[in-house]
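To start, the structure under review is shown below, and the notes come after it.
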Protein chains: 2
Amino acid sequence: MEDDLVFKALADRTRRLLLDTLFERDGRSLGELEEVVNQHTEMSRYGVSKHLRLLVEADLVTVRKSGRERLHHLNAVPIRLIHDRWIDKYTEPHIRALTDLKALAETETPAEREGHDDG
Amino acid sequence: MEDDLVFKALADRTRRLLLDTLFERDGRSLGELEEVVNQHTEMSRYGVSKHLRLLVEADLVTVRKSGRERLHHLNAVPIRLIHDRWIDKYTEPHIRALTDLKALAETETPAEREGHDDG
DNA sequence: TTGACATGTGACCTTTTGGTCACATATTTT
DNA sequence: AAAATATGTGACCAAAAGGTCACATGTCAA
């Protein structure tokens with residue numbers, strides 16, 4: 001059961017930050033990623049490298065060598081498989097409506113929420 | 001950051017089994033879920049209860065009291081949010097094509113795979 | 001070839017998580 | 001009311017994961 005690796009990989013905040021960073025822009029080196037991580041939390045290069053290895057083993061990140069650098073890319077396929085595991089295509093439109101609603105609610109200002117009541 | 005709870009909740013195999021079970025059919029009691037879990041692995045009711053609590057705290061499972069039972073329901077919204085976090089709507093069709101391809105490949109018999117070469 | 005740069009790996013320690021149990025509450029049945 | 005059923009909670013221990021370091025390989029530039 002290798003999907004274990006995917007879920008374990010996603011279970012750590014630093015690794016999710018790495019995915020977020022690669023989602024924003026692909027093809028970054030370890031050094032570049034280390035820099036981004038250190039804007040949020042203090043961590044050695046070794047720690048970042050270890051996290052990246054887990055992401056690669058889970059196939060959430062792919063690596064392409066370029067000279068002495070290794071450039072990292074986000075692979076979203078495992079994410080899609082998670083989605084498909086618990087959201088079937090018949091209920092998907094309903095779920096999407098709910099998440100869109102949630103996104104809307106979260107962009108509202110507090111004032112806009114006055115009077116709403118979800119008892 | 002409460003999305004932490006979702007990813008932590010998904011990181012355990014027993015909890016994923018619980019979600020699979022509820023995905024198959026909603027509205028099960030703790031006792032019923034315990035039974036299913038014990039078809040796969042040995043675990044006390046206490047363990048299952050603890051796992052369920054984490055799922056509820058992550059809002060992946062909702063509970064409705066019915067007499068002395070508590071019926072559990074799968075809530076797929078957090079799953080959808082994971083999807084939306086790393087798959088934007090523009091690349092989604094591409095990713096879906098890839099996952100469909102993967103699903104197809106996995107239903108092939110070994111014989112059918114002869115001659116394929118993805119180098 | 002030599003030195004600087006970019007990165008991988010196994011050992012080690014600390015923190016977190018998984019699992020069980022004893023005890024508790026709430027509801028149904030008799 | 002008392003017994004049986006269905007479930008929640010905090011304490012506790014064992015197992016797993018997170019983080020750092022020393023040491024290593026491979027690549028670029030001079």
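Derivation of every value follows stated rules applied to the coordinates shown; laboratory data play no part. Bear in mind that the values here come from a model prediction, so they are computed numbers and not experimental data. Cβ coordinates were reconstructed from backbone atoms using ideal geometry, including for glycine residues, and neighbour counts include every protein chain displayed.
Got a sec to turn the phi values of the range B:16-22 into Karplus ³J(HN,Hα) couplings, 6.51 cos²θ - 1.76 cosθ + 1.60 with θ = phi - 60°, whole Hz, x for Gly and Pro?
Computed from phi, the couplings for the range B:16-22 are 5, 4, 4, 5, 4, 5, 6 Hz.
Just from the alpha-carbon atoms, what are the Rg and Dmax of chain B in angstroms?
Rg then Dmax for chain B, in Å: 18.2, 60.
Alpha carbon centre of the range A:24-71 versus the range B:1-71: separation in Å?
34
Quick one: order A:THR62, A:THR107, B:THR91 by neighbouring beta-carbon count within 10 Å, fewest to most.
The order, fewest Cβ neighbours first, is A:THR107, B:THR91, A:THR62.
Which order do B:HIS73, A:HIS72 fall in if you start with the one that has the fewest other Cβ atoms within 10 Å?
B:HIS73, A:HIS72
Can you list the distances in nanometres, one decimal and ascending, from the A:GLY31 label point to the identical position in each other copy, with the point 7 Å along Cα to Cβ?
6.4
When a footprinting reagent is the concern and you count Cβ atoms within 10 Å, what order do B:LEU71, B:LEU101 take, fewest first?
B:LEU101, B:LEU71
Suppose you put the label 7 Å out from Cα in the Cβ direction; list, shortest first and in nm with one decimal, how far A:SER49 is from each other copy's label.
Sorted ascending, the copy-to-copy spacings read 4.7 nm.
Grab the alpha carbons of the protein assembly as shown, take their convex hull, and tell me the volume per residue in Å³.
Each residue corresponds to 179 Å³ of Cα convex hull volume.
So what is the 222 nm mean residue ellipticity for chain A from helices alone, if each DSSP H run of at least 4 adds -39500 (n - 2.57) and you divide by all residues, rounding to the nearest 500 deg cm²/dmol?
Value at 222 nm, helices only: -18500 deg cm²/dmol.
Measuring from label point to label point, each 7 Å out along Cα→Cβ, what is the A:LYS102 to B:THR14 span in nm?
2.6
Using 26 Å as the Cα-Cα cut-off, could you pick out the over-long pairs in A:LYS89/B:LYS102; B:LYS65/B:LYS89; A:LYS89/B:LYS65; A:LYS8/B:LYS102?
The answer is B:LYS65/B:LYS89; A:LYS89/B:LYS65.
With +1 on the Cβ of every Lys and Arg and -1 on the Cβ of every Asp and Glu, and nothing else charged, how large is the dipole of chain A about its Cα centre, in debye rounded to the nearest 20?
Around 820 debye, computed over chain A.
Can you list, shortest first in nanometers, how far A:LEU98 lies from the same residue in the other copies, with each label 7 Å from Cα toward Cβ?
2.7
Relative contact order of chain B: what whole-number percent is it, with Cα pairs under 8 angstrom and at least 6 residues apart?
Relative contact order comes out at 23 percent.
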